[in-house]
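What follows is one structure encoded as C-alpha cells, with my remarks underneath.
The values are calculated or read from the model by the stated rules, or taken from the named source; none is laboratory data. All values derive from a computational prediction rather than experimental measurement. Cβ atoms come from the backbone with ideal geometry, glycine included; neighbour counts cover every protein chain shown. Side chains included, ligands, DNA and RNA excluded: accessible areas come from the protein's heavy atoms. Shrake-Rupley method; radii C 1.70, N 1.55, O 1.52, S 1.80 Å.
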Amino acid sequence: MAKYVLFYESAEDVAGRAPAHFPAHQARLDEFHGRGELLLVGTFANPQEEGSMAVFASRAGAEEFVAGDPFVLNGVVRAWKTA
C-alpha cells in the first residue's frame, strides 16, 4: 500500500508564528491520526531551515489535511508538496 509524504516549508519566523496556531493545528493532527489517515509527523532538526513532514495513508488524506490546516491558512507554512 502506497504512503504519501507531505513536506512543509516553514515561513519566516516560524518559531514566532506557530504558537498562536499550534492548538488548532494539533487538534487537526489528532483528528487525522484518529481516523487512521495520519501515520507519522514531525519537524526536522531545524524547522526554520528544513521544515517538517508527515506521512499519510492516502494522497486524498494529505490534501484534505493541508486544505484546512491552520498552519497553512495562517501563513506558518510558506509552501508544501506531497511525494
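Can you work out the accessible area per residue across the chain, with the rest of the protein chains kept in place, probe 1.4 Å, in square angstrom?
Working: 4770 Å² over 83 residues.
On a per-residue basis, 57 Å².
Carbon-plus-sulfur fraction of the accessible area of the chain, 1.4 Å probe, in percent?
Numbers: 2750 of 4770 Å².
Of the solvent-accessible surface of the chain, carbon and sulfur hold 58 percent.
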Let me check something: with ligands and nucleic acids excluded, how do Leu39, Leu73 order by accessible area (1.4 Å probe), largest to smallest? Leu73, Leu39
If you take the alpha carbon radius of gyration of the chain and divide it by 2.2 N^0.38 Å, what ratio comes out, to two decimals? 1.00
Using a 1.4 Å probe and counting only protein heavy atoms, arrange Arg78, Arg17 so the residue with the most accessible area comes first. Arg78, Arg17
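By how many nm would the segment from Phe7 to Asn74 grow when fully extended, if each residue of separation counts as 0.36 nm and the alpha-carbon distance is taken off?
Numbers: separation 67, 0.36 × 67 = 24.12 nm, distance 1.68 nm.
Answer, rounded to one decimal: 22.4 nm.
Counting Lys and Arg as +1 and Asp and Glu as -1, each charge on the Cβ, what is the dipole of the chain about the Cα centre in debye, to the nearest 20?
180
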The correct ranking of Phe32, Phe71, Phe44, Phe22 by accessible area at 1.4 Å, largest first, is Phe22, Phe44, Phe71, Phe32
